[in-house]
Amino acid sequence: MPKLKSESPSVLSKAIESAKDVECGIYAIRNKVNGKVFVCATHVGFDADYKYHKQALATGIMAHTSKHLQFAWKKYTPAAFEMVILHRCGIMD
């Protein structure tokens, strides 16, 4: 098994410090027209994760990991979707 390269303490402390303000949890991308949802979990923050999904969906057919969501995004347009937070895990201690 290959050994993992350990990061310097300053790199780790910076990463931990920046993660303290990130709220993690579970959310859904909900189609307001038909009520269907795509459930997501995030550890990078709700807004950042939702932005990633919207960018992937906006690039076109098959860019997103969910074929069903990708086709619905194209059919109903982005205005038909919203983010709904289902569970907040809280900010890291």
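The values are calculated or read from the model by the stated rules, or taken from the named source; none is laboratory data. Keep in mind the model is a prediction, meaning the values are calculated, not measured. Note that each Cβ is placed from the backbone with ideal geometry, even for glycine, and that neighbours are counted across all protein chains shown. Heavy atoms of the whole protein, side chains included, go into the accessibility calculation; ligands, DNA and RNA do not. Shrake-Rupley method; radii C 1.70, N 1.55, O 1.52, S 1.80 Å.
Please work out if ASP21 is in contact with a Phe, Trp or Tyr (Cβ under 8 Å, 6 or more places away or on another chain), at pLDDT below 95 and open to solvent by 20 Å² or more (accessible area, probe 1.4 Å).
no
Please count how many residues of segment 35-50 are over 12 Å from ALA72 (Cα atoms), open to solvent by 20 Å² or more (accessible area, probe 1.4 Å), in contact with a strand residue (DSSP E or B) (Cβ under 7 Å, 6 or more places away or on another chain) and hydrophobic (A, V, I, L, M, F, W, C). Write out each step before concluding.
First, the residues of segment 35-50 that are over 12 Å from ALA72 (Cα atoms): 39-50.
If we keep only those that are open to solvent by 20 Å² or more (accessible area, probe 1.4 Å) as well, we get 39, 41, 43-44, 47-50.
Retained after the next criterion (residues that are in contact with a strand residue (DSSP E or B) (Cβ under 7 Å, 6 or more places away or on another chain)): 39, 41, 43, 49-50.
Among the residues that remain, those that are also hydrophobic (A, V, I, L, M, F, W, C) are: 39, 41.
Here the count works out to 2.
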>> All but one of (1) among the aromatic types (Phe, Trp, Tyr); (2) open to solvent by less than 90 Å² (accessible area, probe 1.4 Å); (3) modelled with pLDDT of 90 or more hold for PHE71; state the number of the condition that does not hold.
In response: (2)
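Matching residues to (1) open to solvent by 70 Å² or more (accessible area, probe 1.4 Å); (2) at pLDDT below 90; (3) not in a helix (DSSP H, G or I):
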position	(1), (2), (3)
LEU4	yes, yes, yes
SER13	no, yes, no
VAL33	yes, no, yes
ALA56	no, yes, no
